[in-house]
Amino acid sequence: MGSPVLVPYRSFIQIDRLSATPVYLQVANQLISAIQRGYLTDGHKLPGSRQMGELLGVHRNTVAASYAELDAQGWIAIHPSKGSFVSNSGAEKKRRLRAMGVVAYPQQAGFHFRKWSVLDNPFDYSSAKYTLDDGLPDPRLSHVDYLTRLLRTNMKRKGNRPKLGYNNMMGVAYYKENLANFLNLTRGLHISKEHILVTRSLELSVYIVAETLITPGDRVVVGELSYFATNMILQKAGAAIMTVPVDAEGLDVAAIRTLCERQPFRMLYITPHHHYPTTVAFSAQRRAELLALSAQYGFVIVEDDYDYDFHYDDCPQLPMASTDTEGMVVYVGTFGKPMAPGFRSGFIVAPPELINEMGKLLGVMDRHGDALTELALGEMIADGEIHRYLKKTTLEYKARRNMLASLLNEHLASFVDFNVPSGGLAIWTRWPKELNLMRLRDLCAQHEVHLPRYLLYQSNMHCGIRLGFGSLPQPALTEVVALMGQAARTM
């Protein structure tokens, strides 16, 4: 950062030859402003007096006088034979800056702008020792070394350089071909690369689907309890949300049929493999019934691949998209969910004509994509490493699931009721309806356990907490549940 080529000093140092203020003070004052605004950070090396003089069109002695002034005020430190370095700390400097009348960047906009009433940030952060989540994988189990080697190898290949430009808006063909093979093998799909649109995340996939298929005012059906991020995306697109009950077999198809007969709707969103947040699996009979209803009444099914990679007890049911013959299912998901977020990608599976249309929207939102990661992920599929990795991590996550279930029975049996899920990275716990979950959250915080708000579901009908176990190793799970038990007993 010390190079004058990289720092545009001329953009924030303007010299007024007609001003009564000496030139050296003009330079010094404007450098102070740049330091205070964060343009020049602590430890930044300034150009030498000769080099800075050439940049600003002044004599080197003028710059030397400016530096001397800055040094005297404590804004820089001059080290002989090494150079002049920014030294920006202390309240006294801020006081002097205010006295000089230097203006900081505005804290408020000077114009009106839209405020999203349907969007919110549900994530809150804490300095507690432990923070629970809704079922995230453990980054420490990620295949980082292997993927790092793939990224390095792909960067060195001269043949890949054209793929790193702006011509891969809908995904790298090599990755899409391998992703199609992976989905065909593991999900029972019958697709090619033309059926796939690659995105950065599941949420972006849902956003593109919603913006393409929903017209403001369209009715969209979700579970009575559903994924909060998807609900916000659908409402942002102008959808009127309708809910149906969720029981031990997933969404209530009888209630969906009643809605079809009384009030036709445009779309239904579902996480059939492990319903979010309750983790129940959508039964095979209901899947067939829902597909028949979709074909009969013409509503789109957006099937979320949520947690499909994590199954422990038996082979999972194949997605509804694998048996859809009428083109009514849009399948969205994440490849690489078990890995660290930087190594994942979202995808949409749909008929090619719809993929092309959604690709237009993606093209203006994310023109260049992430070709380097896609090339590495494609290679991970091609050499079979993804299957070995999933097998290894699945054993660890199954052990964590069993550990959490055992700990809940040991420390919270008098408070919670739950079923051990067949897969996924979370357990849905049901609590007494008279218990105040926000009060429990506060007590857990006193015991160094942070329960984010989005894990809590409390209403006249529900009192539940989705407890993720994937991101916590077994010793941490042991301590967390014991602390939650202490907090619950104080109530």
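Of the residues that sit in segment 265-281 and are assigned to a loop (DSSP other than H, G, I, E, B) and under 19 Å from Val220 (Cα atoms), which one is most open to solvent (accessible area, probe 1.4 Å)? Filtering segment 265-281 for residues that are assigned to a loop (DSSP other than H, G, I, E, B) and under 19 Å from Val220 (Cα atoms), the one most open to solvent (accessible area, probe 1.4 Å) comes out as Arg266.
Can you spot a residue in segment 111-119 that is open to solvent by less than 90 Å² (accessible area, probe 1.4 Å), touching a helix residue (DSSP H, G or I) at 6+ places or on another chain (Cβ under 7 Å) and at pLDDT below 90? Working first, answer last.
Step one: of segment 111-119, the residues open to solvent by less than 90 Å² (accessible area, probe 1.4 Å) are 118-119.
Filter again for touching a helix residue (DSSP H, G or I) at 6+ places or on another chain (Cβ under 7 Å), leaving 118-119.
Filter once more, so that each one left must be at pLDDT below 90: 118-119.
Checked segment 111-119: at least one residue is open to solvent by less than 90 Å² (accessible area, probe 1.4 Å), touching a helix residue (DSSP H, G or I) at 6+ places or on another chain (Cβ under 7 Å) and at pLDDT below 90.
Can you find even one residue in segment 270-283 that is more than 27 Å from the chain's Cα centre (by Cα) and of a type outside the set (Phe, Trp, Tyr)? Yes, segment 270-283 contains at least one residue that is more than 27 Å from the chain's Cα centre (by Cα) and of a type outside the set (Phe, Trp, Tyr). Listed by first and then second residue, the pairs with beta-carbon distance under 8 Å, at least 6 apart or on different chains, first residue in segment 210-235 and in contact (Cβ under 8 Å) with a residue 12 or more places away in the chain and within 16 Å of Ser117 (Cβ to Cβ), second small (Gly, Ala, Ser) and open to solvent by 20 Å² or more (accessible area, probe 1.4 Å), are Pro216/Gly238.
Residue selection: Leu290 fails the criterion of being under 28 Å from Val198 (Cα atoms) and not in a helix (DSSP H, G or I). Taken over segment 457-478, the criterion of being of a type outside the set (S, T, N, Q) and over 21 Å from Val420 (Cβ atoms) is satisfied by Met461 alone.
None of Thr271, Thr215, Thr230 is in contact with a Lys or Arg (Cβ under 8 Å, 6 or more places away or on another chain) and under 28 Å from Ile355 (Cα atoms) except Thr215.
Being touching a residue at least 40 places away in the same chain (Cβ under 8 Å) and either assigned to a helix (DSSP H, G or I) or open to solvent by 20 Å² or more (accessible area, probe 1.4 Å) (or both) is the filter here, so list the residues in segment 324-339 that pass it. Steps first, answer last, please.
Initially, segment 324-339 is screened for residues touching a residue at least 40 places away in the same chain (Cβ under 8 Å), giving 330-339.
Of everything in segment 324-339, those that are touching a residue at least 40 places away in the same chain (Cβ under 8 Å) and either assigned to a helix (DSSP H, G or I) or open to solvent by 20 Å² or more (accessible area, probe 1.4 Å) (or both) turn out to be Thr334, Lys337.
Regarding segment 354-368, can at least one residue be identified that is part of a helix (DSSP H, G or I), under 20 Å from Leu151 (Cα atoms) and open to solvent by 40 Å² or more (accessible area, probe 1.4 Å)? Looking through segment 354-368, none of the residues is part of a helix (DSSP H, G or I), under 20 Å from Leu151 (Cα atoms) and open to solvent by 40 Å² or more (accessible area, probe 1.4 Å).
Do we have any residue at all in segment 401-408 that's within 24 Å of Asp307 (Cα to Cα), touching an Asp or Glu at 6+ places or on another chain (Cβ under 6 Å) and crowded, with 22+ Cβ neighbours inside 10 Å? The answer is no; no qualifying residue exists. Of all residues in segment 435-458, those that are assigned to a loop (DSSP other than H, G, I, E, B) have Cβ atoms under 6 Å from Cβ atoms of residues that are open to solvent by 70 Å² or more (accessible area, probe 1.4 Å), 6 or more apart or on another chain, in His447/Gln486; Glu448/Lys129. Of all positions in segment 10-28, none carries a residue that is touching a strand residue (DSSP E or B) at 6+ places or on another chain (Cβ under 9 Å) and hydrophobic (A, V, I, L, M, F, W, C).
Looking at Leu455, Leu437, which one is out of contact with any Phe, Trp or Tyr (no Cβ under 6 Å at 6 or more places or on another chain), under 27 Å from Ala399 (Cβ atoms) and buried (at least 16 other Cβ atoms within 10 Å of the Cβ)? Explain how you work it out, then say what you get.
Working: Leu437 fails: under 27 Å from Ala399 (Cβ atoms).
Criteria check complete, one pass: Leu455.
Counting only residues that are under 26 Å from the mean Cα position of the chain (by Cα), open to solvent by less than 30 Å² (accessible area, probe 1.4 Å) and not hydroxyl-bearing (Ser, Thr, Tyr), segment 284-315 holds 9 of them.
Candidates in segment 234-245 are the residues that are aliphatic (A, V, I, L, M) and surrounded by fewer than 23 Cβ atoms within 10 Å (Cβ to Cβ); of these, the one that is nearest to His273 (Cα to Cα) is Val244. Search segment 4-31 for residues being at pLDDT below 90 and not in a loop (DSSP other than H, G, I, E, B), and hand back the single one that is farthest from Ala64 (Cα to Cα). Per the criteria, the residue is Ser11.
Evaluated against (1) surrounded by fewer than 20 Cβ atoms within 10 Å (Cβ to Cβ); (2) among the hydrophobic types (A, V, I, L, M, F, W, C); (3) touching a strand residue (DSSP E or B) at 6+ places or on another chain (Cβ under 7 Å), Trp431 falls short on exactly one condition, (1).
In this structure, does Leu451 turn out to be closer than 14 Å to Tyr130 by Cα, of a type outside the set (S, T, N, Q) and at pLDDT 95 or above? Here the answer is yes, as Leu451 does meet what is asked.
Of the residues Leu225, Leu202, which single one is within 23 Å of His274 (Cβ to Cβ) and crowded, with 23+ Cβ neighbours inside 10 Å? Can you show your working first?
Numbers: Leu225 fails: crowded, with 23+ Cβ neighbours inside 10 Å.
It is Leu202.
Against the test of being β-branched (Val, Ile, Thr), in contact with a Leu (Cβ under 6 Å, 6 or more places away or on another chain) and surrounded by 15 or more Cβ atoms within 10 Å (Cβ to Cβ), the options Thr373, Thr393 yield a single qualifying residue, Thr393.
The values are calculated or read from the model by the stated rules, or taken from the named source; none is laboratory data. Quick caveat: nothing in here was measured; it's all calculated off a predicted structure. Cβ: placed from backbone, ideal geometry, glycine included. Neighbour counts: every protein chain shown. Please note that ligands, DNA and RNA were not included when accessible areas were found on the heavy atoms of the full protein model with its side chains. Shrake-Rupley method; radii C 1.70, N 1.55, O 1.52, S 1.80 Å.
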